[in-house]
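*Asks:* Here it is, the structure, as structure tokens.
Throughout, read-outs are computed from the coordinates displayed, never taken from laboratory work. Keep in mind the model is a prediction, meaning the values are calculated, not measured. Note that each Cβ is placed from the backbone with ideal geometry, even for glycine, and that neighbours are counted across all protein chains shown.
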Amino acid sequence: MEYKTTIGEGAKIYFLSDFEKPLLCIVSYLFIFRHRSDNITYMQCNEMIKYALVYYLIRGRINFENYNTNIIMDLFKPLDTKADEAELKPAEGESEKVKCLIIGSGPAGYTAAIYAARANLNPVLYEGLEPGGQLTTTTDVENYPGYPDGVTGPKMMEDFKKQAQRFGADCRFGIVTDVDFNGPVHKVIIDEKKVIEAESVIIATGATAKYLGLESEKKYMGSGVSACATCDGFFYKGKDVAVVGGGDTAAEEALYLSGLCNKVYLIVRKNYLRASKVMQERVFNTKNIEVLFERNAKELRGDGVVEEAVLIKRKGESDESEEMIEIDGFFLAIGHTPNSAPFNKYLDTDEVGYIKTTPGTSKTNVKGVFACGDVQDPVYRQAVTAAGSGCRAAIDAERYLGEK
Ligand code: NDP
């Protein structure tokens, strides 16, 4: 199973004895079973190791005196801040000069890193809050070319990262907290301390799908709840699903799902759709889409997977009532927030916050600063389009540096 290597490589269990390692795996699999998840992200791996360590400690299986406690405590820090990696980097507070800085670690960021590394730009990539980006929260990816049998989102991002590192990309854990794009050299502050002076910057920080904020939404994430119909719709072939939202994305997702699913409910909180007229017409003319106006989702229920949604009809009105729909999938389409906040004092964005680029390129309004992936793409938002735009950004950066 994939998890074994992830646990081994990601969390470094080398300090355990041969007797202890299999026990660790058993505890880890119990964790996986408990969480009913097929995708284990790096952070979850770290959680597993912590569970296992606590378990061993309680059971007296590990005598911690026999081990270097620094190594064990290391597991309780975020991954990729291991001592051996830290040695390669400048001390905190120190300024570092780099040719090409890449911010963000989804398909766009890693692809930019592959191309930049192969062009000898010695890229340094900061992974951000969610290493691997949105794909690490998705289940199987079946529409990315080159994976004929599909691949899990976390595994795909692991592969992207390995490929970037193979060519020498320096991938680090850290979050951009501020930038100064005033001068010819761009200053980027990492974790409020370290200053990177970059000749070129590639922004690939992605976008975050909005969720309703229901407790049950989190509970069924990956088990019926999704924010991407194009990514996950296939798994609901012939089933009944619901899409929440009344904009173009919701209309588009409902139409896409109507071609796969038995029935699609479109849950709209107002008594009209915000989507463009042409999209509205298509929705209303599709037989297996039922638009439920003036409904708000209250709760999802089911035994391990989504089986039903409780809706509130005409919320806040005198005739407010509750109703239930039986569904297998619950798709959110209530908008995305582009992760452009640290940059938008300097970069032109649209009204939502998507970074504007010169059409056909990744160039922003600041020379030497490029944007790729979902942070500049409100329309397509696919792994493959993000990867393509990451390639474009690296080539644009390479040409910019060559012409300087
Ligand atoms: P929008 O902001 O246009 O629509 C969001 C929808 O979600 C609205 O109907 C809104 O309701 C609803 N919503 C927001 N929060 C909640 C909540 N908490 N509970 C219930 N409903 C909620 O986002 P989109 O992603 O649809 O579109 C973003 C932009 O991208 C738009 O400009 C759109 O036109 C564009 N786009 C274009 C496409 C194309 O040209 N093919 C495809 C997709 C998007 P309410 O109306 O009540 O505020």
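*Asks:* Please work out the Cα center distance from the stretch 316-373 to the stretch 106-122, rounded to the nearest Å.
*Replies:* Using only Cα atoms, the two centres lie 24 Å from each other.
*Asks:* Taking 30 Å as the cut-off for C-alpha to C-alpha distance, list the pairs among 313/356; 239/270; 237/363; 237/277; 237/270 that go past it.
*Replies:* 313/356; 237/363
*Asks:* Less than 14 Å Cβ to Cβ from residue 278, Lys/Arg counted +1 and Asp/Glu -1: what total charge do the surrounding residues give?
*Replies:* Spelling it out: positives minus negatives among the neighbours equals 0.
*Asks:* Which whole-Hz ³J(HN,Hα) couplings does the stretch 99-116 yield from phi under the Karplus relation 6.51 cos²θ - 1.76 cosθ + 1.60, θ = phi - 60°, glycine and proline marked x?
*Replies:* 6, 9, 9, 10, 10, x, 10, x, x, 5, x, 5, 5, 4, 5, 4, 5, 5
*Asks:* If eta is 0.890 mPa s and T is 25 °C, what Stokes-Einstein diffusion coefficient results for the stretch 215-332, Kirkwood Rh from Cα pairs, in µm²/s?
*Replies:* It diffuses with D of about 175 µm²/s by this estimate.
*Asks:* Which net charge results for the neighbourhood of residue 325, defined as the other residues with beta-carbon distances under 13 angstrom from its beta-carbon, given Lys and Arg at +1 and Asp and Glu at -1?
*Replies:* -3
*Asks:* Around residue 265, which amide H atoms from residues at least 5 apart in sequence, or from another chain, sit under 5 Å from its own amide H, with H modelled in the peptide plane?
*Replies:* Under 5 Å from the amide H of residue 265: 241, 242, 243, 290.
*Asks:* Would you list the P(r) distribution for the stretch 150-292, with all Cα-Cα distances sorted into 10 Å bins from 0 and each bin expressed as a whole %?
*Replies:* Here the calculated profile for the stretch 150-292 is 10, 27, 24, 20, 17, 3.
*Asks:* Also, I was wondering about something else. Return the sequence-ordered ³J(HN,Hα) values of the stretch 150-160 in whole Hz as given by the Karplus equation 6.51 cos²θ - 1.76 cosθ + 1.60 applied to θ = phi - 60°, using x for Gly and Pro.
*Replies:* x, 7, 7, x, x, 5, 4, 5, 5, 5, 4
*Asks:* If you filter the stretch 268-298 for trypsin sites (Lys or Arg not before Pro), then keep DSSP loop positions with at most 11 other Cβ within 10 Å, what is left?
*Replies:* Loop-located and lightly packed - 270, 287.
*Asks:* So who's got an amide H within less than 5 Å of the one on residue 227, skipping anything under 5 residues away but keeping other chains? H placed 1.01 Å off N, in plane.
*Replies:* HN-HN under 5 Å from residue 227: 332.
*Asks:* Could you list which residues have their amide H under 5 Å from that of residue 152, counting only those 5 or more apart in sequence or on another chain, with H placed in the peptide plane?
*Replies:* 141
*Asks:* Are there GluC sites (Glu not before Pro) in the stretch 133-192 that DSSP marks as loop and that have at most 14 other Cβ atoms within 10 Å, and which are they?
*Replies:* 142, 192
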